[in-house]
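J.: The structure's right below; bear with me while I get my questions together.
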Amino acid sequence: MKKEPEHTIRVIDARAMVHPEPFERVVEALTTLGRNERVKLILGREPLPLYRFLEKNGYQYRLSPQPGGVYEILIWEAAKK
């Protein structure tokens, strides 16, 4: 059985940031993302425009709504074929 590699997670807590800083910080982090790295974005609102950007640029994500209206989005590069 092949063991899944462990991932390093870069956390961007953008709850106190104003538009467009959260998007810019995510894009900056993704440009330097390593093979076994993920980005976790924490926001006080759901970033709908970000999802389109991620899908168009070969990234996958998992949304995890949290109590208090907080959203955590885990982002990683889609597997290359």
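Derivation of every value follows stated rules applied to the coordinates shown; laboratory data play no part. In this text the structure is predicted, and so the values were computed from the model without any measurement. A quick note on method: Cβ atoms are made from the backbone with ideal geometry, for glycine too, and the neighbour counts reach across all protein chains shown.
J.: Which numbered condition trips up E77, out of (1) surrounded by fewer than 11 Cβ atoms within 10 Å (Cβ to Cβ); (2) in contact (Cβ under 8 Å) with a residue 40 or more places away in the chain; (3) among the charged types (D, E, K, R)?
T.: Here E77 meets the rest and fails (1).
J.: Taking segment 29-53, which residues are in a helix (DSSP H, G or I) and touching a residue at least 12 places away in the same chain (Cβ under 8 Å)? Full working, then the answer.
T.: Quick first cut of segment 29-53, residues in a helix (DSSP H, G or I) only: 29-31, 48-53.
Answer for segment 29-53, where residues must be in a helix (DSSP H, G or I) and touching a residue at least 12 places away in the same chain (Cβ under 8 Å): A29, L30, P49, L50, F53.
J.: Does Y61 satisfy the criteria of being without any contact (Cβ under 8 Å) to a residue 24 or more places away in the chain, surrounded by 13 or more Cβ atoms within 10 Å (Cβ to Cβ) and part of a strand (DSSP E or B)?
T.: Working: without any contact (Cβ under 8 Å) to a residue 24 or more places away in the chain: yes; surrounded by 13 or more Cβ atoms within 10 Å (Cβ to Cβ): yes; part of a strand (DSSP E or B): yes.
The answer is yes for Y61.
J.: For segment 12-57: of the residues being hydrophobic (A, V, I, L, M, F, W, C) and surrounded by fewer than 13 Cβ atoms within 10 Å (Cβ to Cβ), which is nearest to A78 (Cα to Cα)? Before the answer, list the steps.
T.: We begin by selecting, within segment 12-57, every residue hydrophobic (A, V, I, L, M, F, W, C); these are 12, 14, 16-18, 23, 26-27, 29-30, 33, 39, 41-43, 48, 50, 53-54.
Still in the list and also surrounded by fewer than 13 Cβ atoms within 10 Å (Cβ to Cβ): 16, 18, 48.
Details: A16: 29, V18: 28, L48: 19 Å.
Here the answer is L48.
J.: Restricted to segment 34-81, and to residues that are among the polar types (S, T, N, Q) and more than 19 Å from A16 (Cβ to Cβ), which residue is nearest to the chain's Cα centre (by Cα)? Even if it seems obvious, please write down each step before you answer.
T.: To start, the set of residues in segment 34-81 that are among the polar types (S, T, N, Q) comprises 36, 57, 60, 64, 66.
After this cut, where a residue has to be more than 19 Å from A16 (Cβ to Cβ) as well, the list is 36, 57, 60, 64.
Details: N36: 14, N57: 13, Q60: 8, S64: 11 Å.
Filtering segment 34-81 for residues that are among the polar types (S, T, N, Q) and more than 19 Å from A16 (Cβ to Cβ), the one nearest to the chain's Cα centre (by Cα) comes out as Q60.
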